[in-house]
Amino acid sequence: MTGAYFKYKGINFPVGIYTPETLSYVEKDFKVRDDDIFIVTYPKSGTTWMIEILSLMLKDGDPSWSRSVPIWERAPWCETFLGPSSIMQLADPRLISSHLPIQLFPKDFFNSKAKVIYVSRNPRDVLVSLYHYSKIAGHLKDPGSLDQLLQDFLNGEVPFGSWFDHIKGWMRMEGKDNFLFITYEELQEDLRGCVQRISEFLGHPLEQAGLDSVVENSTFPAMKENTMCNYTLLPSTLLDQRQGAFLRKGVCGDWKNHFTAAQCEVFDQAYREMKQGLKTTFPWDKDHGDT
Ligand code: A3P
């Protein structure tokens, strides 16, 4: 679409939604509570999916909350928070979403027992998802060609900066009790197993029926039908779903339908260089010989 970006501490943010004042306030003054649960992601990595899972889990699988309250009210964004807002009205434990890189995250978090669930996804699929989303989201720049976006992505010239810096920053939390790293690919492969892992991490056990319901109501088809999470309540000026759905394909490996051989090579080489220093082997690494 036609959005524009401004830089804050070297990172791109869409104009109109974020401001330097809000970002500075959130970093320095956002008060974190010990029982807060943060869903942290790089954009297009499965944020909406994780919010839906958690909304269902906190209600023991009862879908009435996730079917009656818009997702942005169930798990508001912390980076658009400035003073009193709906975040303050949320019942504990609060679900709070964020795309912030770790260095811009509320400082108060690091002195708290609040939890972060970090969802990551094959950056190639993130790029393809972002490409399609950029065409329908009013706050994002027209992506141009996939080739153009690929260059911008590898240079970190996209909203929330470099995918590599984002994950490298957050992986410094790996091994901490209040940090769960989970991938979109794991959710795809074994949703039930992931829901169990999340429920253990949160200390929120589920009965069999509750577990069944969380899984059933957070599948791609179930979420596509749910107007409280498919973003069809937003006006087309913000999200023009006549041009393409927010819940677009919901699969792993769609990049293979988009990348040319040359683009694969460019991406793979950049990935290998930029991944240096990250010890984790990700589920997608085996497809690219990057183990
Ligand atoms: P695609 O564009 O590849 O379809 P985010 O919420 O971080 O913006 O991520 C959006 C991506 O997650 C979209 O990817 C969307 O379809 C996918 N997604 C959301 N819910 C999903 C679900 N239940 N199952 C699989 N994919 C899902």
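The values are calculated or read from the model by the stated rules, or taken from the named source; none is laboratory data. As the structure is a prediction and not an experimental result, all values here were calculated from the model. Reconstructed Cβ throughout: ideal geometry from the backbone, glycine too, with neighbour counts over all protein chains shown. Only protein heavy atoms, including side chains, enter the accessible area calculation; ligands, DNA and RNA are left aside. Shrake-Rupley method; radii C 1.70, N 1.55, O 1.52, S 1.80 Å.
Structure above, values below:
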read-out	value
Subset of segment 136-155 that is farther than 20 Å from Thr260 by Cα and open to solvent by 10 Å² or more (accessible area, probe 1.4 Å) - its residue that is farthest from the chain's Cα centre (by Cα)	Asp142
Candidate set: segment 225-237, residues that are surrounded by fewer than 15 Cβ atoms within 10 Å (Cβ to Cβ) and in contact (Cβ under 8 Å) with a residue 40 or more places away in the chain; chosen: the one nearest to the ligand (Cβ to nearest atom)	Leu233
Residues (open to solvent by 30 Å² or more (accessible area, probe 1.4 Å) and more than 14 Å from the ligand (Cβ to nearest atom)) located in segment 39-66	Leu58, Lys59, Asp60, Asp62, Ser64, Trp65
Leading residue by the ranking (most open to solvent (accessible area, probe 1.4 Å)) among those in segment 183-212 that are more than 15 Å from the ligand (Cβ to nearest atom) and assigned to a loop (DSSP other than H, G, I, E, B)	Glu207
So Ile182, is it touching an Asp or Glu at 6+ places or on another chain (Cβ under 6 Å) and within 29 Å of Ile17 (Cα to Cα)	no
Scope segment 117-132; condition touching a strand residue (DSSP E or B) at 6+ places or on another chain (Cβ under 9 Å) and either at pLDDT below 95 or in a helix (DSSP H, G or I) (or both); matching residues	Val126, Leu130
First in segment 1-13 and free of Cβ contacts under 8 Å to residues at least 24 places away in the same chain, second anywhere and open to solvent by 40 Å² or more (accessible area, probe 1.4 Å), Cβ under 6 Å, 6 or more apart	Phe6/Val15
Count - residues of segment 95-120 that are open to solvent by 10 Å² or more (accessible area, probe 1.4 Å) and touching a Leu at 6+ places or on another chain (Cβ under 9 Å)	1
Residue in segment 205-216 that is modelled with pLDDT of 95 or more and touching a strand residue (DSSP E or B) at 6+ places or on another chain (Cβ under 9 Å) present	no
Segment 171-200, residues that are touching a Ser or Thr at 6+ places or on another chain (Cβ under 8 Å) and of a type in the set (Phe, Trp, Tyr)	Phe181, Tyr184
Unmet criterion (only one of (1) over 23 Å from Pro283 (Cβ atoms); (2) within 12 Å of the ligand (Cβ to nearest atom); (3) surrounded by fewer than 15 Cβ atoms within 10 Å (Cβ to Cβ); (4) aliphatic (A, V, I, L, M)) for Ala222	(3)
Any hit, segment 144-151, residues being within 14 Å of the ligand (Cβ to nearest atom), closer than 23 Å to Phe282 by Cβ and of a type in the set (S, T, N, Q)	no
Segments classed as strands (runs of 3 or more DSSP E), wholly inside segment 1-110, with at least 2 members that are farther than 25 Å from Lys176 by Cβ and in contact with a Phe, Trp or Tyr (Cβ under 8 Å, 6 or more places away or on another chain)	5-8, 11-14
Residue list for segment 240-278, restricted to those being open to solvent by 50 Å² or more (accessible area, probe 1.4 Å), free of Cβ contacts under 8 Å to residues at least 60 places away in the same chain and away from the ligand (no atom under 15 Å from the Cβ)	Arg242, Thr260, Ala261, Ala262, Glu265, Gln269, Arg272, Glu273, Gln276
Residues within segment 86-122 that are of a type in the set (Phe, Trp, Tyr) and under 12 Å from the mean Cα position of the chain (by Cα), tallied	1
Qualifying position, being surrounded by 19 or more Cβ atoms within 10 Å (Cβ to Cβ), more than 18 Å from Met228 (Cβ to Cβ) and away from the ligand (no atom under 16 Å from the Cβ), among Asp36, Asp29	Asp36
